[in-house]
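Notes to accompany the following structure.
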Amino acid sequence: MHKNYPSAIAKGEGKNRAEVDLCQIADLVVAVGPKLKEAFSRMLRSSHRDIFQLIPGSFAKVSDIEHAAQDGVNFRVLTFGRGDLEYFSLKGYDIAAQSIVELKDSSYSPLFVGGSHGRQDEVAEILLQTGISKNQLIVRSFVKGKQRLRELFCEVDLAIMPSTTEGFGLTALEAMSAGLPILVSGNSGFGKALRGLPMGESFVIDSNDPKEWAKAIAAIRQKSRTQRLEEIQSMRRSYDERFSWERQCQALVARMWKMVYGEPIFLALQQILLEARIESSKTDLSQVLQRTALEKGFAISDNQGEGNCMFFALSKQLDLIKGIQMSHDELRRTIVQYLRENPRLPDGTELFHFVDGYPSWDAYLTSMMVDGTWGDHVILHGAANCFGTCIYVISSLPHRHDVTICPEFDVTGSNRLVLGHLHEHHYVSLIPHNGSKDV
């Protein structure tokens, strides 16, 4: 509806039909952001498709930009993206230009970046029809290259994305990643994602009216430069905590793994580690675990840690539940040797597929043999199979389900070992609150 070329509606319908047809034959549909998820969930309602939502994380390539400490004489407002004439209204170029006109202040300097090379004059002519002054207007072709993009973000004071509709809005996400103040359309996936975060509403404009955009731009400028930059940095931190690439990709891999192999216990454990890393920076997880464990009939038996906490906790549990007395270092050697002799799941899948940060299975096992190396989800799998017992891990994250790791053979009737996961790499033994061994 917003594209400026012949038969835009008919061509758009054809493209949409092709997308739906492809989704119906796909095993998994991944929608980038909440707006596209909502749209495709509706279009695929008859086929009862579950849509996986992936929200892009921020871009590290521009996250280290240092902005100038002082404002210049003019306030430069950036609108960038596909500025070709057929996308002119879709991307809100006209809204951006008209909002500058509404401000009636020549110190605002709009910069439009994104037109095809050689067509900048055509874009400028259309923008001038909005009443904007030639003395204010700057039009450039699309920016190519990391360094040019960094220079652009340093040059401007504010980036706006007034798109009439936008599937997500990566250009605005790039600007925020660079620590540049932003204003984005509420009819965009990025805008909808921001709304779910603290302070997010203040960066979202729910209108195509240039007057509303003009008010928001003026309100941003009235703040001190220090305040503007601090607010967008705080927004970026909140966004990174919720939508990091690592978390998004872990969730997508877990979904695909579950489709092929069933419930991904390894990935569930990895997700607990990842989320605890984030939560532990802002919450006292020890108190949360203590409370959660008590509610489930357990008390924490902590250990000295020092990279050996998982093995200390397992050692204590093996003694308590199975009467097996084994020091933490002997236990480490035993489990690693078991994994060396049993490197695959029953279906033939290599356990190395679940290992992060090591070039080979042998390198992983060699590292795990060293005193002080943190145990991980693969070590728990090895312990469960080596000693023929289920291991129940209670998480300190209140929104995360607990995880049970069972061996690859039937252990009906065997009492399970119970561990508590406190923060990113710390495990503790959980003992029955009443002293009973029946867990």
### Task
Using only Cα atoms, find the angle between the long axis of helix 93-103 and the longest principal axis of the chain, and express it within 0 to 90 degrees, rounded to the nearest 10.
70
### Query
Which of Arg225, Arg148, Arg291 moves most in a GNM of the chain, Cα contacts under 10 Å?
Arg148
### Query
Hey, got the dipole for the chain? About the Cα centre, +1 on K and R Cβ, -1 on D and E Cβ, debye to the nearest 20?
980
### Query
Expressed as an acute angle from 0 to 90° and rounded to the nearest 10, what is the orientation of the C-alpha long axis of helix 265-279 relative to the principal long axis of the chain?
60
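Taking a ≥ b ≥ c as the square roots of the Cα gyration tensor eigenvalues, with a/c under 1.5 meaning rounded and otherwise prolate when a/b beats b/c, else oblate, which class fits the range 55-161?
Verdict is oblate for the range 55-161.
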#### Entry: Kirkwood-based shape ratio for the chain, expressed as Rg/Rh from alpha carbons
1.09
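Suppose R0 equals 22 Å. What FRET efficiency, 1/(1 + (r/R0)^6) with r the Cβ-Cβ distance, do Ser301 and Asp402 give to the nearest 0.05?
Values: r = 18 Å, r/R0 = 0.80.
Step by step, r from the Cβ atoms, then E = 0.80.
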### Message
From Cα pairs below 8 angstrom and at least 6 apart in sequence, can you work out the relative contact order of the chain, rounded to a whole percent?
### Response
13
### Message
Nearest 5 percent is fine: what portion of the DSSP beta bridges confined to the chain is antiparallel?
### Response
30
### Query
Counting only heavy atoms of protein chains, what accessible area per residue, in Å², does the chain have with a probe of 1.4 Å?
48
### Query
GNM on the chain, C-alpha springs below 10 Å: top fluctuator among Met176, Met368, Met310?
Met368
### Query
If R0 is 45 Å, what FRET efficiency do you get for Asn135 and Ala26 from their C-beta distance, rounded to 0.05?
0.30
### Task
With springs connecting C-alpha atoms under 10 Å apart, model the chain as a Gaussian network and identify which of Ala96, Ala69, Ala124 has the largest mean-square fluctuation.
Ala69
### Query
Angle between the Cα long axis of helix 328-341 and the longest principal axis of the chain, 0 to 90 degrees, nearest 10?
80
### Query
Which residues does a label at Asn16 reach in the range 32-58, if reach means a backbone N under 13 Å from a point 7 Å past the Cα toward the Cβ?
39-44
### Query
Hey, rough spin-label estimate for Ala124 and Asp329, points 7 angstrom out along Cα→Cβ, what's it come to in nanometres?
7.6
### Query
In the range 335-394, what percent of the accessible surface is made up of carbon and sulfur (1.4 Å probe, ligands and nucleic acids excluded)?
54
### Message
With a cut-off of 8 Å between alpha carbons and a minimum separation of six or more residues, what is the relative contact order of the range 76-136 in percent?
### Response
46
### Query
Under the rule of -39500 (n - 2.57) per DSSP H run of 4 or more residues, summed and divided by the residues of the chain, what mean residue ellipticity at 222 nm is obtained, to the nearest 500 deg cm²/dmol?
-13500 deg cm²/dmol
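The values are calculated or read from the model by the stated rules, or taken from the named source; none is laboratory data. Since the structure is predicted, the reported quantities are computational estimates derived from the model, not experimental observations. Backbone-built Cβ (ideal geometry, glycine too); neighbour counts: all protein chains shown. Note: accessible area is taken over every heavy atom of the protein model, side chains too, but ligands, DNA and RNA are not part of it. Shrake-Rupley method; radii C 1.70, N 1.55, O 1.52, S 1.80 Å.
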